[in-house]
Amino acid sequence: MKTATSLTLLPSLYDLTRAQLEAQLATWGEPAYRARQIWHWLYQRLVTDFDAMTDLPRGLRARLKEHFVLGRLIPVAEQRSTDGWTRKWLFQLPDGSQIETVLMEYDGERRTVCISSQAGCAMACSFCATGQMGFVRNLRSGEIVEQVLWAARALGDERLSNVVYMGMGEPFANYAPVMESIQRLTTPTQEGGFGIGARKITVSTVGLIPGIRRFAEEGGQVNLAISLHAATDELRTRLVPINARYPLRELVRAAREYIEKTNRRLSYEWALIDHVNDTPEQAQALVELVRQTNPRPGVNLVHVNLIPLNPTAGYAGRASSAARRQAFVQVLRRAGIPCTLRVRRGIDIAAGCGQLKAQHKQNG
Ligand code: SAH
């Protein structure tokens, strides 16, 4: 039986890049094709036990078991929303820190997993539950990847269609492991990999400019979302404190450079908070920022995602009323800016945007 100690001490196979696995196998004198076989078990067959890797020689399986654990996520709780389409898992990691992962199904067609990149978050956005709980630690690449595999397993025969880095944490504050996890998830099926398309993945950032710049260089086809929430510095700094360091002018410039470099669309995220950021003035200022973000006039590559604020314990603000939401949308529409008013999901199980935090403390 695996003990908590062995889980802590042994590295996880999911933390390894393909090259690292190949190097490890080479030191054991194993032929190179073993890496592909193992990859296939890990990322296509989604096995949870070394003994299930039946085409590996017994000796190699024993060696793998001696040196690695398969995974580190220990499920602590699973909750299902009454909407019937949303479920959330709370996982414990060997060091006791906890993360949450949310799986959302839409129309029996799109199936999106929302994954965490850190336990907790240091960004301290006032209206976000993860921000309110503070930072615990960065996740390893394997701990990020495992959340996706977990959701894929839960879906059984149905295929996972999208992965969004919109759970706990700030992906660009844990940049290298996040990019490594993307690499792992997008490894083509012909190579034994999970094979999800980069275009099916979205990384969401609070607006860390150095991360946005790096991502423009190396993000490939992966989508980028920026959590904006306010269109003036005074208000944004109150809601999203990191704005003091990376103010709107520079953020918008980085976003425009991202579009210029990648020729890809980008989305701005905006949680509508009653009488805080849902005013006509903010809507108009947002229109202006979107215009400044687009490199060429007349060509719109920015999409605005609006979502009514989800309730959190540490923030008194409330979701905008339907009338105020509509009025906000109208300002954007009249300016020709594409926007979506998103439907809230999983609020009854606190699985909505900004509601994720470790809730079940150990030993009470
Ligand atoms: N740190 C990254 C990834 C988190 S994504 C980021 O900020 O983008 C989670 C999304 O939910 C972000 O857009 C975040 O701003 C938003 N959010 C946070 N708290 C929320 C709340 N209470 N209601 C609605 N959306 C919220």
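The values are calculated or read from the model by the stated rules, or taken from the named source; none is laboratory data. Note that this is a predicted model, so its numbers are computed, not measured. Methodologically, a virtual Cβ is constructed for each residue, glycine included, from the backbone with ideal geometry; neighbour enumeration extends over all protein chains shown. These area figures cover heavy atoms from the full protein model, side chains too; ligands, DNA and RNA do not enter into them. Shrake-Rupley method; radii C 1.70, N 1.55, O 1.52, S 1.80 Å.
Between T279 and H67, what length comes free when the chain is fully extended (0.36 nm per residue of separation minus the Cα-Cα distance, one decimal in nm)?
70.6 nm
Arranged from highest to lowest average of other beta-carbon atoms within 10 Å per residue, in what order do the peptides 78-89, 143-154, 181-192 appear?
Most protected by this proxy first, the peptides run 143-154, 181-192, 78-89.
Restricting attention to the chain, give the cysteines that have no other cysteine Cβ less than 4.7 angstrom from their Cβ.
C114, C121, C339, C353, each lacking another Cys Cβ under 4.7 Å.
Can you send over the carbon and sulfur percentage of the accessible area for the range 214-267, probe radius 1.4 Å, protein chains only?
On the way: 1030 of 2520 Å².
Roughly 41 percent, rounded to a whole number.
Taking only pairs that are 8 or more places apart or on different chains, how many Lys pairs in the chain have Cα atoms under 25 angstrom apart? Show your work: numbers first, answer last.
On the way: K2/K65; K2/K361; K88/K200; K88/K357; K88/K361; K200/K261.
Number of lysine pairs found: 6.
Going by alpha carbons, how many degrees (0 to 90, nearest 10) lie between the helix axis of 209-218 and the longest principal axis of the chain?
The helix 209-218 is inclined about 60 degrees to the chain.
Could you calculate the contour length gain from R249 to T189, that is, 0.36 nm times the residue separation minus the distance between their Cα atoms, to one decimal place in nm?
On the way: separation 60, 0.36 × 60 = 21.60 nm, distance 4.18 nm.
Difference between extended and current length: 17.4 nm.
Let me have the 222 nm mean residue ellipticity of the chain computed from DSSP H runs of 4+ only, each contributing -39500 (n - 2.57), with the sum over all residues rounded to the nearest 500. Don't jump to the answer; show the numbers that get you there.
Working: 12 runs with 128 residues, N = 364.
Result for the chain: -10500 deg cm²/dmol, rounded to the nearest 500.
Before I look further, what does the chain give for accessible area per residue, probe 1.4 Å, in whole square angstrom?
44 Å²
What are the equivalent ellipsoid semi-axes of the range 17-67, built from the alpha-carbon gyration tensor (square roots of five times its eigenvalues), in whole angstrom, biggest first?
Details: eigenvalues 50, 34, 17 Å².
Sorted largest first and rounded, they come to 16, 13, 9 Å.
Given the alpha-carbon gyration tensor of the chain, what are the semi-axes of its equivalent ellipsoid in whole angstrom, ordered largest first, with each equal to the square root of 5 times an eigenvalue? Numbers along the way, then the final one.
Numbers: eigenvalues 291, 99, 64 Å².
That gives 38, 22, 18 Å for the three semi-axes.
Any chance you could check the Cα centroid distance between the range 141-208 and the range 41-91 for me, in angstrom?
16 Å
Let me understand the range 275-364 better: what is its radius of gyration from the alpha carbons, and its Dmax, in angstrom?
Just the Cα atoms of the range 275-364 yield Rg and Dmax of 16.4, 58 Å.
Cα centroids of the range 7-27 and the range 234-264: how far apart, whole angstrom?
That distance is 37 Å.
Run through the DSSP bridge list for the chain and note the antiparallel percent, rounded to the nearest 5. Walk me through the numbers before you get to the answer.
Working: 22 of 47 bridges.
DSSP beta bridges in the chain are roughly 45 percent antiparallel.
Taking only Cα atoms of the range 206-364, what ratio of Rg to Rh do you get with Rh as the Kirkwood inverse-distance radius? Working shown, then result.
Working: Rg = 16.3 Å, Rh = 16.5 Å.
In the range 206-364, Rg relative to Rh is 0.98.
In terms of the ratio Rg/(2.2 N^0.38 Å) built on C-alpha atoms, what value belongs to the range 57-140?
Values: Rg = 16.8 Å, N = 84, 2.2 N^0.38 = 11.8 Å.
Against the compact-globule rule of thumb, the ratio is 1.42.
Taking a 1.4 Å probe, which of Y33, Y106 shows the most accessible area, and what order do the others take after it?
Final ranking, largest accessible area leading: Y33, Y106.
Express the carbon and sulfur contribution to the solvent-accessible surface of the range 17-67 as a percent, rounded to the nearest whole number, probe 1.4 angstrom. Could you put the intermediate results ahead of the total?
Working: 1350 of 2740 Å².
That fraction is 49 percent.
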